[in-house]
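Below: the structure, in structure tokens.
The values are calculated or read from the model by the stated rules, or taken from the named source; none is laboratory data. Small disclaimer: the values here were computed from a predicted structure and weren't measured. Because the Cβ atoms are built from the backbone with ideal geometry, glycine has one as well, and the counts that use them run over all protein chains shown.
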Amino acid sequence: MADFERFIEEHKDEIDALQFFYAQPYSQRLSFGDIKELAAAIKAPPRAWTPERLWRAYEMLDRDKVRGASGKRLLTDIVSLVRFATHRDEELVPFGDQVRARFEGWLAQQGNSGRAFTAEQRQWLEMMRDHIATSLEMTVDDLDFAPFAGEGGRGRAALVFGDDLSPILEELNGVLAA
């Protein structure tokens with residue numbers, strides 16, 4: 001895994017996704033396109049690394065610091081791999097698990113501040129959470145696609161959240177994809 005860590009260090013000024021991890025404080029939001037670019041760079045010869053292979057290698061080297069069994073990894077798990085390889089996270093945890101934990105914390109904070117969500121709003125929030133877990137971000141345009149379109153899409157989301165829709169999307173992006 002020293003090779004992966006060395007690759008990150010050597011290419012931190014060339015690959016947008018890596019520049020994000022080294023910016024203090026983060027000056028921009030990491031996009032799915034950035035992660036796809038990084039995935040292509042680490043998969044290119046001679047390395048041929050994939051999230052699955054890297055996860056498995058870390059699991060073999062440091063099993064007590066790796067959560068989530070190796071197997072099918074999401075592309076967004078590259079975020080977790082880079083954070084772990086750059087020693088920003090003490091444990092290697094699937095990105096989706098991190099998003100779900102942050103979401104539960106965010107919901108608790110909302111409840112503690114007196115903000116309550118209806119059952120329908122909660123359903124939409126959970127779909128947004130899951131979208132962020134797989135795509136790193138959630139935009140209003142994403143509401144035109146599955147699974148949101150099947151629930152009424154952008155129009156229904158606007159009715160469910162009213163003027164709060166855009167602020168909620170911005171807040172979820174900031175909190176969940178942090």
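Looking only at segment 50-88, count how many residues are assigned to a loop (DSSP other than H, G, I, E, B) and either modelled with pLDDT of 95 or more or of a type in the set (A, V, I, L, M) (or both).
Selection size over segment 50-88: 3.
Okay, residues lined up against (1) surrounded by fewer than 15 Cβ atoms within 10 Å (Cβ to Cβ); (2) over 21 Å from GLY96 (Cβ atoms):
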| position | (1), (2) |
| --- | --- |
| THR118 | yes, yes |
| ALA149 | yes, yes |
| ALA157 | no, yes |
| ALA178 | yes, no |
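What do you reckon, is GLU137 in a helix (DSSP H, G or I), surrounded by 12 or more Cβ atoms within 10 Å (Cβ to Cβ), of a type in the set (Asp, Glu) and not assigned by TED's automatic domain parsing to the domain that holds ARG73?
Values: in a helix (DSSP H, G or I): no; surrounded by 12 or more Cβ atoms within 10 Å (Cβ to Cβ): yes; of a type in the set (Asp, Glu): yes; not assigned by TED's automatic domain parsing to the domain that holds ARG73: yes.
Taking the combined requirement at face value, the residue does not satisfy it.
For (1) touching a helix residue (DSSP H, G or I) at 6+ places or on another chain (Cβ under 9 Å); (2) among the hydrophobic types (A, V, I, L, M, F, W, C), each residue gets a yes or a no:
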{"residue": "GLU5", "(1), (2)": "yes, no"}
{"residue": "GLU37", "(1), (2)": "yes, no"}
{"residue": "ALA44", "(1), (2)": "no, yes"}
{"residue": "GLY71", "(1), (2)": "yes, no"}
{"residue": "THR76", "(1), (2)": "yes, no"}
{"residue": "ARG83", "(1), (2)": "yes, no"}
{"residue": "GLU91", "(1), (2)": "yes, no"}
{"residue": "GLU104", "(1), (2)": "no, no"}
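Just to verify a result, which residue in segment 89-106, among those that are among the charged types (D, E, K, R) and either assigned to a helix (DSSP H, G or I) or buried (at least 18 other Cβ atoms within 10 Å of the Cβ) (or both), is farthest from the chain's Cα centre (by Cα)?
GLU104
Can you confirm whether ALA178 is in contact (Cβ under 8 Å) with a residue 24 or more places away in the chain, of a type outside the set (D, E, K, R) and assigned to a loop (DSSP other than H, G, I, E, B)?
yes
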